[in-house]
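Engineer: There's a structure below that I have some questions on.
None of the figures in this text is laboratory data; all of them are computed from the coordinates on show. Keep in mind the model is a prediction, meaning the values are calculated, not measured. No Cβ is skipped: glycine too gets one built from the backbone with ideal geometry, and neighbour counts run over all protein chains shown.
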Amino acid sequence: MSSLAPRRAALRMISGVLDEGRMLFEANAALRDLGPADRARAERLAQGVLRHLGRCDTLLMEHLSKAPPEAVLHILRLATYEICADGSASHGVVYDAVQITGKHRNTQRLKGLVNAVLRKVAKQGPEAWAKLTPSELPDWLRARLMKVYGKAAVAAMEAAHSFAPPTDFTVRDEFELPNADVLPTGQVRLARPGQISALPGYTEGKWWVQDASAALPVQMLSVVPGETVLDLCAAPGGKTLQFAAAGAKVTADDVSERRMSRVEENLKRMNLKANVQVADARAVRGTFKTVLLDAPCSATGTLRRNPDLAYAKMDLDLRELTELQRVLLAHAAKLGAADGRLLYCTCSLLPEEGEAQVRAFLAKNPGWRTDPSIFQHPGVDPAWLTEEGGIRLRPDYWAEFGGMDGFYIALLEKTQPA
């Protein structure tokens, strides 16, 4: 298949995100007719453009007197990214960009513009690209983060988002993944893992993919064999696997049947057992020693892996999300045993979904407190602790190792009678 096919697919995915507000996985119909290699290339190109959108536009605007139609702008962005950051041969990139522009009635008149601009980019762009600062986040998110963390921290996060992230693994039975680095918390990391299912130990169930931030909550809980655990909003299931591998009697619940089917598949591959159920978390009943609520959230902490999120969620209704989190947290608190514990976490960078939720819960429930003692854990920097007794993880932390996902974690427990 020619190079045109993955480039066309990447353009359809980029348009789906920027013009239609869809996530990349929702726009993946564009990949339907591609083989595995071309699918991977199209996805990589689309993610690269979205990760470096600001850089692409900065270079292009030097050669444009005004912005062209969106369809043409996307073609120029993709070609600029390929020429300046992806290492593609410029003559092939320019040729395909002109071909794609000329195939559509609404854009064919701009073939000459595309050719002229990209020839200039090919000549000057790679050197200029290297001098540009990382792309800024969209205003809706950047303004929120600036208010909370300040200019320097946001710039550090944007720098972290500018690199395709490595892949982290939770490994069982002292298995060693070749060429993997061991992180301070015990996770292992591969910078370029390639095809995941082709890695040693996949078929034998020796590991699963799980970002170090997402693995940390269960690591810190240190459950014991036979402990009853409820994993609410469990999909994609990494924490369920951790609990099951530790010997806990774990019930995993999520509202999505499709996502929970994947959890069951992974449990089978890992030869682990859990009680898997599909239900709204608010309908779950029972009593458990440990309850973990990884609440639905904006997922802004995963931007280093999902650069489309910042553009697809511009119309995010945070009030609706935070209300759901409040309700779920209140319900989860009812499911714990008298001596139980409740761990609340979100993969969000926004305090409204983390610190503020825990503060509000404690204000309404004086019989509960946070227990920050669990954060005395290998790899956890005391500077990450928050005032209300949780920890805040950010993408710019562990920069020397390749960063981590943004995350918030707090352990809540019932106060014991005097």
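Engineer: Report, by chain and number, residues whose modeled amide H sits under 5 Å from the one on residue 288, excluding near sequence neighbours (fewer than 5 apart, same chain).
Structural biologist: 336, 337
Engineer: Looking at the range 1-76, which GluC sites (Glu not before Pro) are in a loop (DSSP not H, G, I, E or B) and have at most 16 other Cβ atoms within 10 Å?
Structural biologist: Sites meeting the loop and neighbour criteria: 20, 62.
Engineer: In whole Hz, with x marking every Gly and Pro, tabulate ³J(HN,Hα) for the range 170-184 from phi via Karplus 6.51 cos²θ - 1.76 cosθ + 1.60, θ = phi - 60°.
Structural biologist: Once rounded to whole Hz, the list reads 9, 10, 9, 6, 6, 5, 10, 7, x, 6, 8, 8, 8, 7, x.
Engineer: Another one. Please quote Rg/Rh for the range 159-245 to two decimal places, taking the Kirkwood radius as Rh and restricting both calculations to Cα atoms.
Structural biologist: 0.97
Engineer: Still on this structure, please answer the following. In a shell of Cβ-Cβ distance under 14 Å around residue 70, excluding residue 70 itself, what net charge do Lys and Arg (+1) and Asp and Glu (-1) give?
Structural biologist: Net charge in that neighbourhood comes out at 0.
Engineer: What distance in nm lies between label points placed 7 Å from Cα along the C-beta direction at residue 356 and residue 400?
Structural biologist: 3.5 nm
Engineer: Additional query: About the Cα centre of the chain, what is the dipole size in debye to 20, counting +1 per Lys and Arg Cβ and -1 per Asp and Glu Cβ, all else neutral?
Structural biologist: 1020 debye
Engineer: Fully extended, how many nm does the chain gain between residue 202 and residue 287 (0.36 nm per residue separation, minus their Cα-Cα distance)?
Structural biologist: Full extension from residue 202 to residue 287 adds 27.1 nm.
Engineer: Tell me which of 347, 372, 337 sits at the most positive position along the dipole axis of the range 291-405, charges placed on C-beta atoms (Lys, Arg +1; Asp, Glu -1).
Structural biologist: Farthest along the dipole direction, towards plus: 337.
Engineer: Quick one: if you stick a label point 7 Å off each Cα along the C-beta vector at residue 371 and residue 108, how many nm between them?
Structural biologist: 7.0 nm
Engineer: Taking θ = phi - 60°, what integer Hz values does the Karplus form 6.51 cos²θ - 1.76 cosθ + 1.60 yield along the range 123-132, in sequence order, with x for Gly and Pro?
Structural biologist: So the Karplus estimates, Gly and Pro as x, are 7, 10, x, x, 5, 5, 4, 4, 8, 7 Hz.
Engineer: Let me ask something additional. Translational diffusion coefficient, Stokes-Einstein: compute it for the chain using the Kirkwood radius over C-alpha pairs as Rh, at 4 °C and 1.567 mPa s, and state it as an integer in µm² s⁻¹. Write out the running numbers ahead of the final one.
Structural biologist: Working: Rh = 23.1 Å.
The diffusion coefficient I find is 56 µm²/s.
Engineer: Let me check I've understood the local charge: for residue 171, count other residues with C-beta under 15 angstrom from its C-beta, Lys and Arg +1, Asp and Glu -1. What total comes out?
Structural biologist: That sum, taken over residues with Cβ under 15 Å, equals -3.
Engineer: Then there is this: Taking 0.36 nm per residue of separation and subtracting the Cα-Cα distance, what length does fully extending residue 413 through residue 385 add?
Structural biologist: Difference between extended and current length: 8.3 nm.
Engineer: Residues with amide H under 5 Å of residue 276's amide H, sequence separation 5 or more or different chain, H placed in the peptide plane at 1.01 Å from N; which?
Structural biologist: Result for residue 276 returns 252.
Engineer: What's the extension gain from residue 279 to residue 174 if we count 0.36 nm per residue and subtract their Cα-Cα distance?
Structural biologist: 34.3 nm
Engineer: Just to check I understand the Karplus step: with θ = phi - 60° and J = 6.51 cos²θ - 1.76 cosθ + 1.60, what whole-Hz values come out for the range 361-373, glycine and proline as x?
Structural biologist: 4, 5, 5, 8, 10, x, x, 10, 8, 8, 10, x, 5
Engineer: For residue 207, what residues show an amide H to amide H distance below 5 Å, using hydrogens built from the backbone and excluding near sequence neighbours?
Structural biologist: Amide H neighbours of residue 207: 172.
Engineer: Ignoring the sites themselves, what is the longest stretch of the chain with no trypsin sites (Lys or Arg not before Pro) in a DSSP loop and at most 15 other beta-carbon atoms within 10 Å?
Structural biologist: 106-272
Engineer: Counting every Cα pair in the range 266-359, what percent are over 17 Å apart?
Structural biologist: Here the tail beyond 17 Å accounts for 59 percent of pairs.
Engineer: Once label points are set 7 Å from the Cα along Cα→Cβ at both residue 25 and residue 320, what is their separation, rounded to one decimal in nm?
Structural biologist: With each label point 7 Å from Cα toward Cβ, the separation is 1.9 nm.
Engineer: Right, here's the next one. Hey, what number do you get for the chain at 222 nm if only DSSP H runs of n ≥ 4 count, each worth -39500 (n - 2.57), divided across all residues, to the nearest 500?
Structural biologist: Values: 14 runs with 170 residues, N = 418.
Calculated mean residue ellipticity at 222 nm is -12500 deg cm²/dmol.
Engineer: Just need the relative contact order of the range 319-418 here, percent rounded to a whole number, with Cα pairs under 8 Å and 6+ apart.
Structural biologist: After rounding, I find 35 percent.
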